[in-house]
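For reference, the structure is listed below as structure tokens.
Coordinate-derived values only; no laboratory data. Treat the numbers as computed from the prediction; the structure is a model and nothing was measured. Neighbour counts run over all protein chains shown; Cβ positions are idealised from the backbone, glycine included.
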């Protein structure tokens with residue numbers, strides 16, 4: 001794999017070194033993915049993020065695997081540009097240090113076990129009584145109230161509770177997402193809620209308490225299948241990588257063993273598909289296929305026609321025909337092919353970040369910015385910044 005493209009300052013950024021959140025300090029009691037993903041977005045925008053970790057082992061996500069130069073793939077993904085402060089929160093002195101740090105912060109983010117912050121006197125009500133400008137963001141599986149409040153919640157469990165598994169996979173086997181979709185959803189809603197709270201604070205002078213649940217975050221992303229199944233209607237069927245209700249829309253094998261993903265959206269595209277891709281224009285008016293509902297109902301017959309045509313072609317030849325017909329298509333890339341994706345290279349979306357094991361390639365955050373450059377700082381060692389932060393607070397131990 002190559003990462004020849006490197007990030008350079010935007011030619012339009014008159015103040016490339018000034019970022020939107022340079023003035024914001026975030027303290028995070030975080031582990032795993034949801035909260036660290038949220039705070040990494042804040043760090044990308046310039047916020048100072050102080051990550052509180054257990055002395056020694058640190059965030060347990062550090063031990064998930066060793067695939068990134070001996071470091072955890074999950075951890076390096078969501079923890080760049082942060083400072084690591086090692087504190088034992090069962091130790092009264094360390095807890096006092098944390099409270100001193102929070103008193104000077106703009107934002108506290110936490111995804112500890114339900115009730116943990118309350119037992120330490122770090123709940124939103126207590127902290128905001130002392131510092132009304134503080135923004136406290138709690139991230140949990142089910143939220144801070146309701147009958148599920150105290151249930152443990154992991155990504156796969158929320159995928160199940162939110163109905164995601166019921167519509168994903170094959171007819172015989174439900175499948176989870178290949179990445180931590182519930183954690184990512186919760187992290188992104190926490191991030192956007194914090195940005196909103198910062199804007200609101202500029203207007204009112206008051207901070208706020210944000211209560212984000214993984215269930216509600218992924219539930220929002222389930223909007224289409226929920227409405228599709230409204231009033232006890234049948235849900236979208238599990239259809240593997242194909243679309244549940246639009247056809248042809250999904251993966252199709254070519255004669256060279258490659259797989260092409262394609263999707264038709266309307267009748268104009270169906271005519272083009274028959275003429276230029278299948279090269280059987282008479283199919284456009286075939287009574288079995290002349291509406292999406294009929295193509296979906298007769299998808300087995302249409303699939304055979306498509307696969308018979310594609311069997312004589314390579315994947316590249318199929319894509320060439322689809323491009324001529326202006327039919328949306330994509331390659332089913334592997335991870336290695338994503339690393340080397342020509343579009344990411346051409347748009348210079350790769351840079352590198354430092355880590356305890358040396359430089360690692362990193363994708364820049366989505367969205368090219370003309371006003372500033374994203375912060376792409378190092379991934380910290382456990383407790384790497386403890387001494388400096390304690391000195392800053394005037395604490396000796």
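Model label points for residue 18 and residue 246, set 7 angstrom from Cα along the Cα-to-Cβ axis, are 4.3 nm apart. The long axis of helix 34-44 is offset from the longest Cα principal axis of the chain by roughly 80 degrees.
Estimated from helical segments only, the mean residue ellipticity of the chain at 222 nm is -9500 deg cm²/dmol, where each DSSP H run of four or more residues counts as -39500 (n - 2.57).
Going from the residue with the fewest nearby Cβ atoms within 10 Å to the one with the most, 211, 44, 65 rank 65, 211, 44. Look at 73, 208 and count the other Cβ atoms within 10 Å of each Cβ; fewest to most, that gives 73, 208. Sorting 38, 137, 274 by the number of Cβ atoms found within 10 Å of their own Cβ, with the fewest placed first, yields 274, 137, 38.
Relative to the longest principal axis of the Cα atoms of the chain, helix 92-103 runs at roughly 70 degrees.
The long axis of helix 299-310 is offset from the longest Cα principal axis of the chain by roughly 80 degrees. If you average the C-alpha positions of segment 35-100 and of segment 200-214 separately, how far apart do those two centres end up, in angstrom? The two parts, judged by their Cα centres, are 23 Å apart.
Beyond 29 Å, how much of the Cα-Cα pair distribution for the chain remains, as a whole percent? Intermediate values should be presented prior to the final figure.
Working: 43459 of 78606 pairs.
For the chain, the fraction of Cα-Cα distances above 29 Å is 55 percent.
Here the simple spin-label model places points 7 Å from the Cα toward Cβ, and for residue 113 and residue 392 these points are separated by 3.0 nm.
Distance between the 7 Å Cα→Cβ label points at residue 340 and residue 91: 4.9 nm. Using a/c under 1.5 as the rounded threshold, could you call segment 259-331 rounded, prolate or oblate? The axes a ≥ b ≥ c are square roots of the C-alpha gyration tensor eigenvalues, and prolate needs a/b larger than b/c, oblate otherwise. The shape class here is prolate.
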